[in-house]
């Protein structure tokens with residue numbers, strides 16, 4: 001009864017005071033799932049219907065900690081991620097009734113299920129409640145009083161006070177060692193890294209840790225019965241948790257690490273009870289104490305070293321003394337406002353802080369311009385940090401002996417705010433200043449509208465990045481009027497006459513670190529001739545495009561762009577598990593899960609599976625699960641998927657996925673081109689016609705439902721068994737605002753599929769010249785002639801002649 005009262009009170013406070021991102025429906029789903037399972041199991045065993053009190057506590061405990069990203073406070077009946085709550089509850093009850101020893105369950109059901117859920121699903125689908133419940137307030141005091149009063153009553157009643165006390169004392173000591181090492185973490189509610197005393201205080205006083213301490217660790221069904229064993233039990237949980245969290249640079253891993261300590265010790269509780277039934281006899285006390293001191297010293301050393309090695313970037317040494325090299329009159333700045341759309345965080349913006357942020361931003365820009373114009377990288381470090389500093393250093397190096405003239409800024413409006421630069425579930429908030437004004441360089445003045453993100457350092461603020469009015473990163477332009485888009489035409493504009501005169505390219509492949517072997521196969525050795533490739537995307541959000549290189553017969557590589565020099569980070573990114581087998585074909589970066597972080601599609605050659613890797617906030621990738629897995633190809637020697645394309649074809653705001661592929665052997669009966677059009681090959685074997693069905697699952701249209709993929713290939717308007725698609729593009733070619741689908745393929749299978757607006761497509765290929773194209777390998781969409789209408793550019797090895805005649809009797813080669 002005490003435990004039910006405490007958890008229910010905390011749930012009510014969470015909804016009324018702490019703005020828990022949890023709906024009433026999600027709470028009821030957890031409780032109902034556990035209760036139904038308990039009733040069914042009890043009835044099947046005892047033929048009685050009993051009130052499922054224990055199961056209700058388990059379900060409520062799960063709901064108290066489990067969160068699904070995307071749930072908003074106040075949406076009381078949201079079913080967002082309902083299946084996560086159901087699955088976690090099922091896992092809890094399964095562990096209770098299936099993982100047993102001597103008639104008792106081994107694991108605390110809610111703890112076991114929560115840890116397994118977080119590990120399996122990752123932070124994009126499941127997340128523990130944040131460690132920080134808010135600033136000191138009456139509500140927070142009430143929450144602490146409820147937890148402490150309830151815990152003292154419960155732990156004394158069940159005889160687990162030693163477990164609780166030993167855990168907390170040991171955990172507080174261990175976390176102090178980690179904090180002393182300089183370890184820091186980031187959190188989605190905190191501006192900047194959490195380190196030092198703040199890190200220690202957060203962990204030892206967090207309501208979330210106290211709930212874990214008093215209502216999971218002290219569960220009498222899974223905790224030791226004897227007091228000496230309880231001391232060892234609590235101490236061990238604390239040390240195991242500390243060893244894990246010392247390796248975690250983010251709040252998600254820290255929270256899971258704390259919970260995981262209990263899961264790891266539970267299988268050994270019975271052994272602890274037998275081994276430590278009584279306290280050691282005096283004759284053994286000295287030896288036991290000496291061993292304990294040695295063990296604790298070794299663990300403390302390990303914690304210190306791990307804390308140093310695995311930490312969030314807190315920045316390096318900053319030459320703040322050089323900030324005095326510029327002088328700014330505060331009266332030249334406009335009145336600073338505080339934005340009303342600032343995200344919720346640990347920071348409360350006030351007038352004084354807003355003015356300090358605005359003053360520092362203006363100084364930073366002055367210092368940046370002085371550093372660029374004098375090629376002084378150290379001075380740039382006094383004003384900039386992170387992405388902005390890396391861009392400035394690159395600009396200084398590139399300028400060489402001819403640095404640019406310093407620009408002059410004027411500010412019309414300045415507004416202080418707190419923003420998130422992406423929508424990932426663990427993305428921390430950042431202080432920011434929104435500015436409008438002008439910037440003058442080389443006598444030319446242009447409008448300025450930008451948002452500068454800031455990091456507090458030594459009593460001032462440094463600029464870390466810049467975003468334009470649409471929220472897009474400015475890119476590496478600190479030396480070319482930061483905050484101003486280049487005055488150029490769109491990228492899809494074709495060059496004009498004589499515009500490319502004198503243009504030359506220099507091969508810098510080796511210089512930038514991209515000189516990798518593409519394949520271990522001979523040219524034209526089977527399907528390897530048309531495989532392998534690269535994907536480009538800013539997976540780590542630093543403003544620089546990174547490269548994923550897929551290779552044939554060799555492991556794929558993730559190459560991080562470090563200010564123009566590429567570093568192989570495959571192993572630490574989580575992609576190092578890539579088994580070569582036959583190798584990979586196409587690859588694509590895209591935010592398919594909608595969390596603001598790029599995911600990675602990697603398609604396989606023959607025996608290598610097609611895979612989707614979900615991008616994480618810590619710049620790693622995990623294999624897709626829970627409905628996001630890619631459908632696999634049929635078992636055919638020549639069945640290949642070559643590339644992928646994304647587009648929101650159904651207009652629901654989510655990126656849908658098209659996988660381009662086919663089985664050329666099974667489709668080669670339709671490979672001849674004569675008289676300017678594609679027609680059946682006169683040498684085709686009629687007995688092969690049935691093999692085309694093997695290609696049915698090669699080219700796929702996958703609709704993004706928000707929780708996974710739904711196969712909508714049947715809506716393409718063409719038989720996928722007849723396609724050998726090499727390249728696909730979503731583009732609005734008929735200017736009706738709906739993305740159409742352009743398929744460039746081998747063996748006369750190129751298609752123009754127009755979007756009907758109801759989720760289906762119509763094949764309009766007969767109305768275009770694509771019927772004359774025998775083989776197209778790659779394609780691009782651009783307005784080549786500047787008429788405002790998109791054109792389709794294709795490349796390949798087999799096109800009809802100018803007259804349209806191209807017999808193509810042998811489908812493997814081009815025109816005779």
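Quick look at the values:
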{"read-out": "Test result for residue 741, crowded, with 22+ Cβ neighbours inside 10 Å, under 22 Å from residue 630 (Cα atoms) and at pLDDT 90 or above", "value": "yes"}
{"read-out": "Unique residue being in a helix (DSSP H, G or I) and either surrounded by 17 or more Cβ atoms within 10 Å (Cβ to Cβ) or modelled with pLDDT under 90 (or both) when the list is 56, 49", "value": "56"}
{"read-out": "Which listed residue, of 63, 35, is more than 23 Å from residue 209 (Cα to Cα) and either over 27 Å from the mean Cα position of the chain (by Cα) or buried (at least 20 other Cβ atoms within 10 Å of the Cβ) (or both)", "value": "35"}
{"read-out": "Hey, residue 361 out of contact with any helix residue (DSSP H, G or I) (no Cβ under 8 Å at 6 or more places or on another chain) and surrounded by fewer than 22 Cβ atoms within 10 Å (Cβ to Cβ) or not", "value": "no"}
{"read-out": "Among residues of region 42-74, those that are under 16 Å from residue 11 (Cβ atoms) and out of contact with any strand residue (DSSP E or B) (no Cβ under 8 Å at 6 or more places or on another chain), counted", "value": "12"}
{"read-out": "Residue in region 788-804 that is touching a helix residue (DSSP H, G or I) at 6+ places or on another chain (Cβ under 7 Å), surrounded by fewer than 16 Cβ atoms within 10 Å (Cβ to Cβ) and either modelled with pLDDT under 85 or farther than 27 Å from residue 587 by Cβ (or both) present", "value": "yes"}
{"read-out": "Given (1) at pLDDT 75 or above; (2) in a helix (DSSP H, G or I), index of the condition residue 328 fails", "value": "(2)"}
{"read-out": "Yes/no for residue 229 being in contact (Cβ under 8 Å) with a residue 12 or more places away in the chain and over 18 Å from residue 274 (Cα atoms)", "value": "no"}
{"read-out": "Selected residue (only one of 394, 436 is farther than 29 Å from residue 190 by Cα, surrounded by 15 or more Cβ atoms within 10 Å (Cβ to Cβ) and under 32 Å from the mean Cα position of the chain (by Cα))", "value": "394"}
{"read-out": "Evaluation of residue 318 against (1) modelled with pLDDT of 90 or more; (2) within 30 Å of residue 438 (Cβ to Cβ) (one fails), failing number", "value": "(1)"}
{"read-out": "Residue in region 62-77 that is part of a helix (DSSP H, G or I), out of contact with any helix residue (DSSP H, G or I) (no Cβ under 7 Å at 6 or more places or on another chain) and not assigned by TED's automatic domain parsing to the domain that holds residue 706 present", "value": "no"}
{"read-out": "Residue in region 259-272 that is farthest from residue 119 (Cα to Cα), counting only those that are buried (at least 18 other Cβ atoms within 10 Å of the Cβ) and free of Cβ contacts under 8 Å to residues at least 60 places away in the same chain", "value": "272"}
{"read-out": "Answer from 224, 220 - the residue that is in contact with a helix residue (DSSP H, G or I) (Cβ under 6 Å, 6 or more places away or on another chain), surrounded by 21 or more Cβ atoms within 10 Å (Cβ to Cβ) and modelled with pLDDT of 90 or more", "value": "224"}
{"read-out": "Matching strands (runs of 3 or more DSSP E) fully within region 730-792 where at least 1 residues are under 25 Å from residue 533 (Cα atoms)", "value": "740-745, 751-755, 778-782"}
{"read-out": "Checking residue 89 against (1) under 23 Å from residue 270 (Cα atoms); (2) crowded, with 20+ Cβ neighbours inside 10 Å; (3) in contact with a helix residue (DSSP H, G or I) (Cβ under 6 Å, 6 or more places away or on another chain), the condition it does not meet", "value": "(1)"}
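The values are calculated or read from the model by the stated rules, or taken from the named source; none is laboratory data. Quick caveat: nothing in here was measured; it's all calculated off a predicted structure. Here the Cβ is made from the backbone with ideal geometry for all residues, glycine too, and neighbour counts use every protein chain on show.
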